[in-house]
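First up is the structure itself, then whatever we jot down about it.
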Amino acid sequence: MKTVAAVLVGANKPLELLELETPKLKRGQVLVKMEYTSLCGSQMNEIRGHKAEGYIPHTLGHEGYGTVVESKSSRFKEGETVVASWISDCNFFDEKEEISYYDNILGRVNSGQCATLLTYAIINEYNLYSFEATDPELAPFLGCVIPTAFSAAEETLGEEMDIAAVIGLGGVGMALSIILNIRKETEYVYGADLDEEKLKLSGLPSIYNILNSEEEYVSHIYDATGAASSFNTFWGKQDKKYILVGNYEAVKFEIDPMDLIVDQKDLVGVRGDSYPLGSLLKNGVEIETSCRYESFYLKDFEKVKGKIYNLKDVNEAINNFGREMKPVLRMS
């Protein structure tokens with residue numbers, strides 16, 4: 001069987017759409033006809049040459065939604081719809097992980113355990129989760145952006161939170177703002193983004209409304225920008241905890257140790273696999289999670305979705321990354 005894949009052939013180069021030969025499945029592997037996938041900051045770092053140089057050429061994407069067409073796993077059957085994620089299901093994790101390689105006229109192309117920017121993708125069983133979505137265009141977000149946002153929210157669950165602020169209202173930041181508002185951990189959630197349209201879409205008041213007032217501080221800051229400039233601007237404005245959320249590859253910054261020692265400022269970092277994805281996909285139905293008695297639905301995260309692109313336009317989606325909400329790629 002042939003598959004069409006968006007392949008990274010070199011740092012800072014456009015992805016190439018290549019027809020690859022799909023290898024035979026090994027034990028624990030599943031062939032998925034991808035319907036929708038998305039792009040993440042991790043892929044942008046790979047494209048920019050910050051990681052994975054030794055694996056080029058290789059396929060990209062680590063969050064998607066599709067239908068099983070062939071399975072060498074007892075957990076999944078033909079015709080089942082699944083979410084694909086880089087987050088491994090710890091309940092079924094097998095240390096004998098299988099790596100997928102595709103062949104074409106250029107030679108071998110690495111695809112790892114989970115890559116979703118292919119029309120037909122071989123994915124290891126522990127990177128798949130059974131799920132039937134009524135909103136399939138949003139379903140890829142369950143593979144990365146939504147669990148990352150939940151990981152950040154879990155970091156502060158139950159803490160006394162007077163005023164919270166979400167900095168960076170891209171995919172993760174927008175999802176996090178939605179979670180915080182539904183949970184109502186605090187009545188006051190502020191936001192900040194260089195793009196005023198994203199702030200307007202979030203419905204959050206600007207953090208500068210509070211920083212420019214007599215209050216001057218917020219209790220918790222969630223920084224989902226992945227940028228040193230943001231940290232340098234807002235670090236110290238929190239009264240209790242500063243949470244770095246998501247991908248900070250190739251980003252460095254400095255802090256004064258006395259902020260931690262004397263002022264008791266708390267700095268933590270979270271990533272997507274801090275929150276078990278299996279807990280979100282509760283029983284494979286539309287309701288994802290009941291957390292502290294609040295229920296979350298996939299449709300709650302509609303604001304995270306940006307423009308929908310066809311696979312042939314993947315490089316346009318890459319060029320627009322960060323200038324709009326999280327892109328969705330239609331794979332067929």
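Looking at (1) of a type in the set (V, I, T); (2) exposed (fewer than 15 other Cβ atoms within 10 Å of the Cβ); (3) at pLDDT below 95, which one does T289 not meet, given that it meets all the others?
Tallying (1) of a type in the set (V, I, T); (2) exposed (fewer than 15 other Cβ atoms within 10 Å of the Cβ); (3) at pLDDT below 95, T289 fails exactly one: (2).
Hey, among the residues in the range 292-324 that are among the hydrophobic types (A, V, I, L, M, F, W, C) and at pLDDT 95 or above, which one's farthest from L169 (Cα to Cα)?
L311
Do we have any residue at all in the range 21-31 that's among the hydrophobic types (A, V, I, L, M, F, W, C), out of contact with any Asp or Glu (no Cβ under 7 Å at 6 or more places or on another chain) and surrounded by 22 or more Cβ atoms within 10 Å (Cβ to Cβ)?
There is no residue in the range 21-31 that is among the hydrophobic types (A, V, I, L, M, F, W, C), out of contact with any Asp or Glu (no Cβ under 7 Å at 6 or more places or on another chain) and surrounded by 22 or more Cβ atoms within 10 Å (Cβ to Cβ).
For residues that are polar (S, T, N, Q) and in a loop (DSSP other than H, G, I, E, B), scanning just the range 119-142, find the one that is farthest from D300 (Cα to Cα).
The residue in question is T119.
In this structure, is V166 surrounded by 23 or more Cβ atoms within 10 Å (Cβ to Cβ), at pLDDT below 95 and touching a strand residue (DSSP E or B) at 6+ places or on another chain (Cβ under 9 Å)?
Taking the combined requirement at face value, the residue does not satisfy it.
Within the range 174-181, does at least one residue satisfy the condition of being modelled with pLDDT under 95 and over 26 Å from S229 (Cβ atoms)?
yes
Residues in the range 205-223: is at least one free of Cβ contacts under 8 Å to residues at least 12 places away in the same chain and either under 26 Å from K326 (Cβ atoms) or in the same structural domain as E302 (by TED's automatic domain parsing) (or both)?
No, that holds for no residue.
When residues of the range 143-167 are filtered for being part of a helix (DSSP H, G or I) and polar (S, T, N, Q), how many remain?
Counting residues in the range 143-167 that are part of a helix (DSSP H, G or I) and polar (S, T, N, Q) gives 2.
Which one of these is at pLDDT 90 or above, loosely packed, with under 15 Cβ neighbours inside 10 Å and touching a strand residue (DSSP E or B) at 6+ places or on another chain (Cβ under 9 Å): E16, E78, E35, E63?
After ruling out the rest, the residue left standing is E78.
Among the residues in the range 198-219, are any in contact with an Asp or Glu (Cβ under 8 Å, 6 or more places away or on another chain) and part of a strand (DSSP E or B)?
Yes, the range 198-219 has at least one match.
Can you tell me which residue is surrounded by the most Cβ atoms within 10 Å (Cβ to Cβ) among those in the range 193-209 that are of a type in the set (A, V, I, L, M) and in contact with a Lys or Arg (Cβ under 9 Å, 6 or more places away or on another chain)?
The extreme case among them is I207.
Do you know which of the residues in the range 118-136 that are among the hydroxyl-bearing types (S, T, Y) and in contact with a helix residue (DSSP H, G or I) (Cβ under 8 Å, 6 or more places away or on another chain) is modelled with the highest pLDDT?
Here is the first cut: in the range 118-136, the ones among the hydroxyl-bearing types (S, T, Y) are 119-120, 126, 129-130, 134.
Still in the list and also in contact with a helix residue (DSSP H, G or I) (Cβ under 8 Å, 6 or more places away or on another chain): 119, 129-130, 134.
Values: T119: 97, Y129: 92, S130: 90, T134: 86.
Applying the filter and picking the extreme gives T119.
Please specify each residue of the range 229-268 satisfying the condition of being surrounded by 15 or more Cβ atoms within 10 Å (Cβ to Cβ) and within 20 Å of C40 (Cα to Cα).
S230, I243, L244, V245, G246, N247, Y248, V251
The values are calculated or read from the model by the stated rules, or taken from the named source; none is laboratory data. Quick caveat: nothing in here was measured; it's all calculated off a predicted structure. Heads up, the Cβs are rebuilt from the backbone with ideal geometry, glycines too, and the neighbour counts pull from every protein chain shown.
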